[in-house]
Structures are given as C-alpha cells and as structure tokens.
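Taken together, the values in this text are just the output of simple stated rules run on the coordinates, not laboratory data. The shown structure was predicted, so the numbers you read here are calculated from the model rather than taken from an experiment. Backbone-built Cβ (ideal geometry, glycine too); neighbour counts: all protein chains shown.
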Amino acid sequence: MTANTGGETRTVTPTEGLTLTRMGYGAMQLAGPNVFGPPKDRDQAVAVLRAVVGAGITHIDTADFYGPTVVNELIRKALHPYPADLRIVTKVGARRGADGSWILSRDPADLVKQVHENLAHLGVDVLDVVNLRVGSHDTPDEEPVSEEFGALSELRDAGLIRHLGLSGASAKQLTEAQAIAPVVSVQNLYNLAHRDDDALVDRCAAENIAFAPFFPLGGFTPIQSETLTKVAARLEASPQQVALAWLLHRSPTIVLIPGTSSVSHLRENIAAADLSLPSDALVELDAIGR
C-alpha cells in the first residue's frame, strides 16, 4: 500500500496494488441519527461523496452495518461506476438490531454472508479492503481471531477480497492475524487526546501497516482542550484541522478517515493535510494526550 499527501508518496506496506490518499473520508455520518436509517438530506449525502472524489481523495471507509446498508447504497448511487483509483475500505463483524442497537456478529458463516452483502450493495465483484471488526468501539478485547480471520482469508484466496485488515484490535490479535494472512491496515480509536494505542501506532509504522484512527476528532465526545484551541488560534486554523494535522505528523503510516455530511466541512478537513505544525506547537500538542 502507498499513501499520498501533499504530492509525496510514502510506502506504508509491501502489499502491491493498493494506493490510498492519506486524507481519506469516513462515510459513517451519511446515515441517519446514531448511524441508523436514511440521511436527512439524501441529495446532500450524494453531493458529499461526489465532492470527496472530486477533491482527489481515493480512500473511502464504510461498512454495510452503517444504516444498515444505507451508506453502501449511497456510495453506489453517487459514485458507481467507480473511478479506477478509488479504494473502498469496508468492515464486517457486526449487525444492527431493529432498534438500532449494535450487535457483534463474528460467526465465520455470517462473516462470509456479510462479505457477499457488501459486494452486492456496493455493486462490485471484489472488495478492495475488508477489516474484521473485533472488540467494542473504544476497548479492544483479547478474544482469539484465527477462525474469523481465517474465513476472510479464504475469501481473499477465492478472489472476493484483495486485502485484509483489523478494526478495534489489540496487538496480540494483530500478531495472530498476521500468522494467517497479510494485514494491510489497523483501524482503532486514536486521536490527540486518546493515546492508548501509541505503541501499536509505532508498531504499524515499523511493519509498514496503515493505521487508520477512527474518531480522529473525538467521535461522540469531541476533543475539548484549551491548549488545542490556543495552538489553532496561533496558526489561524480550526482546532479540528490542527488535530487532524497532528495525526498525519504522528506517524508516516497514519491514514485519516474523518467523517462529515457537509461539503464545506469536508473541504475544511481536507485543508488540514496542508497545515504545517511548527516544533513548538507539536510540543504543546503532544502533551495533551499524556
């Protein structure tokens, strides 16, 4: 995998045939409230997706349980037939209850079914990247993943998936998965204020694995920091832009997937990739999560 930002290309994993812009887009917010049901403004959701591609972003993160199915169907409506360089990264390992609840579903037979559902709703014959969702959204567990990851590896061997990754995973689970098939990406909760995965971020960089922080701006509880606000004011940028720029600086294999349902907010996020952080600002920002 290679990751691009600011015109520079960095190799972040030895797997051939996968190129991502380091500034990607997380499509979760295109669904209704609590990531459930249709969007409030379907036309606006389609416009955001088309603006993503128009801005040169080649990395969209999604899942069939967003909605459920709503977001993948929106992606298909807005972008199919897909640009040749667009890479859609999806997840399996969960379903939604009729009440909108999140239900872990990692039985190998159901994982196979979920892969086929992603293929159908996205309108593709092969998925670029499939992440196995493990653990809760904020706390990895240490449950074995060999059986589940093995089922996905078989689908990779069959040509239905090009690359595999993990989401919400521990270092132990990464090692376990790597014994079965190459892992090209890890997608975990990580941001300026939530730094539990510092060691895993460094490991991914050392092993040329892409690390995609979810909730890069704090998620359901956005990052609140007086230091962040002051640094942003000095740089004439928004706190959100500074938080995203810090993540890009944190590791050369970090790829970002901030989400939004607004074209203007999308453009603000993209601009963060061009924001330079001086050394004194980095010292202040690094102290926030410690």
* Asked: What lysines could a cross-link reach from Lys113, if we take a straight Cα to Cα line under 16 Å and drop same-chain neighbours fewer than 8 places away?
  -> Lys91
* Asked: Taking Cα pairs under 8 Å and at least six residues apart, what relative contact order does the chain come out at, in percent?
  -> 18 percent
* Quick one: which residues, 5 or more positions from Leu20 or on another chain, have an amide H under 5 Å from its amide H? H modelled 1.01 Å from N in the peptide plane, none for Pro or chain starts. => Thr2, Ala3, Asn4
* Using label points projected 7 Å from each Cα along Cα→Cβ, tell me how many nm separate Ala193 and Glu147, to one decimal. => 3.9 nm
* **Gained length - His249 relative to Gln178, 0.36 nm times residue gap less alpha-carbon distance** => 22.9 nm
* To do: Under 17 Å from a label point 7 Å along Cα→Cβ of Gln224: give me every residue in region 166-198 with its amide N that close.
  => 192-194
* **Assigned charges on the beta-carbon of Lys, Arg, Asp, Glu; the chain dipole about Cα centre (debye)** => 640 debye
* Can you tell me the FRET efficiency between Leu235 and Ala171 if r is taken as the Cβ-Cβ distance and R0 is 30 Å, rounded to the nearest 0.05? => 0.35
* To do: Name the residues whose placed amide hydrogens come within less than 5 Å of the amide hydrogen of Arg87, ignoring near sequence neighbours (fewer than 5 apart) on the same chain.
  => His59, Ile60
* Cut-off under 5 Å, modelled amide H: who pairs with Leu189 long-range -> Gly168, Phe214
* Asked: Restricting the count to DSSP beta bridges whose residues both fall in the chain, what percent are antiparallel, rounded to a multiple of 5?
  -> 20 percent
* Lys/Arg +1, Asp/Glu -1 at C-beta; region 190-290 dipole; positive extreme among Ser264, Val201, Ala245 -> Ser264
